[in-house]
Amino acid sequence: MDWLKKINFDRDVIKSVFSRSSTFYAVITVVLVSVSLFTYICGTNVEKNILADKNAALSADKSSLISEGEEKDKIIASQEKQNALLEDENKKLESEKEQIKADSDAKDEANKETLDGIMDYLGMEASRSGGSMYSKIDKIDTVSYIIREKMGDTEGVSKYLQELSDIKSDLESKAAAYPDCDPLEHGTLTSRFGYRVDPNGKGTKYHSGIDVWNSYGTPIYAAGAGKVITAGSSGEYGLLVVIDHGNGYKTVYAHCSSISVSAGDTVSKGQFIARIGATGNATGNHLHFEIKYHDERVNPLDYVFPEFS
């Protein structure tokens with residue numbers, strides 16, 4: 001029976017132990033569950049806070065982006081408005097430009113008939129030789145002044161003014177070369193152009209120029225600007241100078257006592273070129289002067305020494 005008592009004792013002990021273990025495990029379980037629940041709750045709150053912060057940051061970014069977008073829209077709208085204003089201004093300027101051109105064209109057309117009449121009056125296509133060149137140069141100066149004062153300086157008018165200026169330059173060049181400057185400052189006409197009694201007593205003979213007497217060594221001047229093509233001794237002409245003036249004209253200066261230019265020299269109108277003498281076939285001191293036009297001899301008195309005409 002002792003063993004039964006022992007068993008009962010053990011059973012009580014075991015029951016007591018189990019009773020205590022259950023309580024212990026229950027407490028442990030409660031503690032673990034509580035800790036787990038606390039940890040879960042805390043973790044959840046932390047995550048919620050992190051998410052809340054992220055949401056707040058995203059909301060701020062979103063608001064910022066919206067504000068930037070609205071600002072850009074305003075800028076774009078302003079630029080579009082400015083572009084529209086500029087386009088309107090360009091259209092206005094283009095219209096004004098077209099109107100100005102139309103007015104200018106109308107003015108040019110209105111002036112054209114008058115200007116054409118002026119050009120006809122000047123007779124620019126007529127002969128540009130002789131004394132008429134000087135009168136035409138004077139006319140060009142007068143007309144150019146009137147055109148500028150009365151008609152302005154539009155593109156169409158400027159064309160005529162430039163044409164007049166070009167013609168004037170051409171005339172001035174030709175006038176400078178035209179052989180109308182007296183080759184002597186003064187002298188005595190002793191023989192005219194054409195047929196005459198030969199001074200050497202050989203009957204009637206054709207005289208290709210004029211003879212003008214003056215004292216030995218009197219200066220001789222170029223009748224017009226040009227290029228010296230002959231300067232030296234030439235048989236019966238003695239010491240001789242020949243100048244090519246262009247435009248078909250040449251002048252001849254014969255029987256000189258000395259020459260101051262050389263072949264190839266360019267001379268201006270009125271330039272000193274030689275001195276009077278009696279070289280070659282001459283009966284006394286004088287200048288034999290000739291003018292050739294396209295190699296045909298013409299009467300020098302139609303060009304120089306008007307007092308002898």
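Since every read-out is calculated from the coordinates, none of them should be taken as a lab result. What you are looking at is a predicted structure, and each value in this text was computed from that prediction instead of being measured. Neighbour counts are summed over all protein chains in view; Cβ atoms, including those assigned to glycine, are modelled from backbone coordinates with ideal geometry.
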* HN-Hα J couplings of region 88-93 from phi, Karplus 6.51/-1.76/1.60, θ = phi - 60°, integer Hz, Gly and Pro as x? -> 5, 5, 4, 4, 5, 5
* Structure fact -> From the cross-link list LYS174/LYS292; LYS97/LYS159; LYS136/LYS269; LYS101/LYS150; LYS139/LYS227; LYS97/LYS150, the entries with a Cα-Cα span beyond 27 Å are LYS139/LYS227
* Asked: Separation between the ALA278 and GLU185 pseudo-spin-labels, each 7 Å from Cα along Cα→Cβ, expressed in nm?
  -> 2.4 nm
* Structure fact -> If amide H atoms are modeled at 1.01 Å from N in the peptide plane, then the residues at a separation of 5 or more from HIS207, or on another chain, having amide H under 5 Å from its own are GLY194, TYR195, ARG196
* Structure fact -> Calc'd 3J(HN,Hα), region 251-259, phi into Karplus 6.51 cos²θ - 1.76 cosθ + 1.60 (θ = phi - 60°), Hz, glycine/Pro = x, comes to 10, 10, 10, 10, 6, 5, 8, 7, 10
* Asked: Check GLY152: other-chain or 5+ apart residues with amide H under 5 Å from its amide H, H built from backbone geometry?
  -> none
* Asked: If the label point is 7 Å along Cα→Cβ of TYR195, which residues in region 203-245 have backbone nitrogen under 15 Å from it?
  -> 203-208
